[in-house]
Amino acid sequence: MLGATELRWALVTEGRPPVDLALDEMVRAGARPTVVVTRRGRPAIEVAERHGAEVVTLERLANSTRLLFDRGIELGVTLTWAELLDAEILAAPRHGWLNAHPAELPAYRGGDPIGWQLVSRPSSIGLTIHETSKHFDDGPIVVQELLPVSPDEHRRDVERRAFAALGRMVGEIVSAGPGWDRRPQAGAPSYCPPVGTTALLNPAYISAERALGVIRALAYSPGVGVIGVPNLVHAAELGPALGTGERPGQV
């Protein structure tokens, strides 16, 4: 297998925290990206430059194959990059693309998988590195792990640990070089938001305890929640009415 010191690879990321933690872990695992493609003004830029990686700022990868060819990029890795890669971009690196997704695929494909997993108060959430295909989050799986979650842990803390773990996982794969095992995704996929979610978090139809649990899962700052009637930034699986023994609460 090709060693990490020989492999030229690109990290493509939206670049907000906690991607900076993930990038630190990639380098710690022996995989410093040749180039980091991100958006202007993002914290990932400072971290990438500190590690000696070239930084390119773009809003979209479409029509950017020259960027990859000119730098001899052999592998691409995406992390929080919400753009479906076209066939030309997918074919540009000779070893293809990997995507890091914080869910146990094929469950929770799509946006904000950490928040949607936490809504159900799990004991763990999933982490997946998979090969990128022409559809979102459906390529063959390279490696998966489970990350334990505490019932009272806030989304921000879970997210930081999840991205650090994803960075380590990417670093280990890239440092080992191409030739990784792969397996098809098995089972029926699910998506974010899950089927059965409601577009409104309405205090008239949910207990205070359940509402606070939803906020802990979806809010980015501890103790901060958002209710929008009729507009809500996130939705949550609440059900149409109160459950037995529940009382309406305000958030």
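Overview of values
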{"read-out": "Distance between modelled label sites at HIS135 and GLU153, nm, 7 Å Cα→Cβ extension", "value": "3.1 nm"}
{"read-out": "For segment 25-100, the fraction of alpha-carbon pairs in successive 10 Å shells from zero, as %", "value": "17, 56, 26, 0"}
{"read-out": "Counted charge near GLU83, where neighbours are those whose Cβ lies closer than 12 Å (Asp, Glu -1; Lys, Arg +1)", "value": "-1"}
{"read-out": "Overall Cα dimensions of segment 32-161 - principal axes, largest extent first, Å", "value": "48, 31, 22"}
{"read-out": "DSSP-assigned coil residues among GluC sites (Glu not before Pro) in segment 39-119, each with at most 15 further Cβ atoms within 10 Å", "value": "GLU59, GLU83"}
{"read-out": "Charge dipole magnitude, Cβ of K and R +1, D and E -1 - segment 42-191, Cα centre, debye nearest 20", "value": "80 debye"}
{"read-out": "FRET E, pair SER64, ALA186, Förster distance 25 Å, beta-carbon r, rounded to 0.05", "value": "0.15"}
{"read-out": "Theoretical FRET efficiency, 1/(1+(r/R0)^6), r = Cβ-Cβ of ALA87 and ARG121, R0 41 Å, to 0.05", "value": "0.50"}
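We did not get these values from a lab; they are worked out from the coordinates using the rules stated. Note that the structure is a prediction, hence the values are computed from the model and not measured. Reconstructed Cβ throughout: ideal geometry from the backbone, glycine too, with neighbour counts over all protein chains shown.
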